[in-house]
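The structure appears below as structure tokens.
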Amino acid sequence: MPESFLDLRSDTVTRPTAGMRAAMASAEVGDDVFGEDPTVNRLEQRVAALLGKEAALFVSSGTMSNQACIRAHTQPGDEVLCDASCHIYNSEAGGVAVHSGVTCRTIAGDCGILDVTQLEDKIRPDDEHLVRTRLVCLENTHNRGGGKVYPLEKVQAISAWARANGLRLHLDGARLWNAVVVSGIPAATWGACFDSVSVCFSKGLGAPVGSALAGPRDFVARARRVRKLFGGGMRQVGILAAAALYALDHHVERLAEDHRNAQVIASAIAHTPGLRLVPPEVETNLIWFQVDPELGTARDVADALKQRGILVNVSGRQVMRAVTHLDVSPAQAERAAETIRQVVRQVVPAS
Ligand SMILES: *Cc1c(COP(=O)(O)O)cnc(C)c1O
């Protein structure tokens, strides 16, 4: 995309900063499949400590991270319980079936947020006809749920119930950093609720590549084997781990700026006839909204914005998403808000 475009399609579009590139260029490296990349080892220790886990593993993507965790937790014929709109079920190319031979039982959460009472009756009895309920997956923040932060009490209730019933609990924390910054609840407090946690460096943190999974030492050892099986063993990958370490040092606290910028854009949407925030509150950097059919489709609005240099995501016939990130300044957020107001005023005749 030309530099003049303001790209709000995703927080994955960020480019590494000069400081991050310098850290990458000077990274000490070794063969990570031999366990000899000092920068990767440093990152894995740092992530494990942040999440309060014994060990962590650097992987190429959030998808690989989730899928390796699911594979390491399950046997073929097991069942995973998850929210119906979660990334693991909807946006990982059917990986749970392909890589792990497990099924998903989806449950409609409230903006992606499950309550323990929705799960309590979902454990299958021990019967040869039935799949074996084994794993529960939560997502925090919840992407399709509008960037919602899970209430910690809800996670703790699900965690206690899962433990009491011998189920494993996994967190897709692609945007856990956003939840940490908004809630003030440390990553380790969230991490304590889960058997495994996946986090991304390539979303709001602005690294070009990379995710990590964390959990008990024996679990991470199994996940390391799965990573190799998936073709994800990488060699002098400290160059990428250096970007992730740099992001942890410099780009976590600043997520608050993305959240402030999201409020500016959300407010414009909320006050524009024909557009509606769904859900009505924006808590983090994801702004999900819907277009009134009388105004047109999401594609119509996205095209009109594109003509004025703003790129947003079309996520359904009437559904759109705009995302703030490291490469969006407060002035650019204001520009996006003003452009949204203008575009829609031109399309909807004033009554
Ligand atoms: C982006 C994302 C992932 C996967 O990340 P990739 O690195 O794109 O594979 C997983 N979960 C959620 C909620 C995400 O938004």
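No value in this document is a laboratory result; all are computed from the given coordinates. A quick note: this is a predicted structure, and the numbers were derived from the prediction, not measured. Virtual Cβ from ideal backbone geometry, glycine too; neighbours counted across all protein chains shown.
Overview of values
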| item | result |
| --- | --- |
| Relative contact order, percent, the chain [alpha-carbon distance under 8 Å, six or more residues apart] | 24 percent |
| Residue 117/residue 152 FRET efficiency (R0 22 Å; Cβ-Cβ; nearest 0.05) | 0.80 |
| The chain: most fluctuating residue of 36, 253, 294 per GNM, C-alpha cutoff 10 Å | 294 |
| Taking the range 225-351 and dividing mean pair separation by its residue count, relative contact order in percent (alpha carbons under 8 Å, at least six apart) | 26 percent |
| Whole-Å semi-axes of the range 254-345's equivalent ellipsoid (Cα gyration tensor) | 20, 14, 11 |
| Modelled FRET efficiency - R0 45 Å, residue 315 with residue 229, Cβ distances, 0.05 increments | 0.90 |
| Between helix 255-270 and the chain: long-axis angle, C-alpha atoms, 0 to 90°, nearest 10 | 40 degrees |
| At most 15 other Cβ within 10 Å, DSSP loop - GluC sites (Glu not before Pro), the range 118-147 | 120, 128 |
| Relative contact order for the range 243-307, counting Cα pairs under 8 Å that sit 6 or more residues apart, in percent | 24 percent |
| Beta bridge orientation in the range 18-249: antiparallel %, DSSP, nearest 5 | 35 percent |
| Inter-label distance for residue 297 and residue 342, nm, one decimal - labels placed 7 Å from Cα along Cα-to-Cβ | 2.6 nm |
| Principal axis dimensions, largest first and in whole angstrom, of the chain by Cα | 63, 54, 34 |
| Share, in percent, of DSSP beta bridges within the range 254-345 that are antiparallel, nearest 5 | 100 percent |
| Charge-dipole axis of the chain as Lys and Arg at +1 and Asp and Glu at -1 on Cβ define it, positive-most pick from 290, 186, 10 | 10 |
| The range 35-60 versus the range 266-343: alpha-carbon centroid distance in Å | 37 Å |
| Only Lys, Arg (+1) and Asp, Glu (-1) charged, at Cβ; the range 254-345 dipole about Cα centre in debye | 180 debye |
| Signed unit charges on C-beta, dipole axis of the chain, positive-most listed residue 97, 233, 196 | 233 |
| Protection-proxy order for peptides 313-323, 298-308, each taking the mean of Cβ atoms within 10 Å per residue, highest first | 313-323, 298-308 |
| Dipole in debye (nearest 20) - the chain, about Cα centre, beta carbon charges: Lys, Arg +1; Asp, Glu -1 | 400 debye |
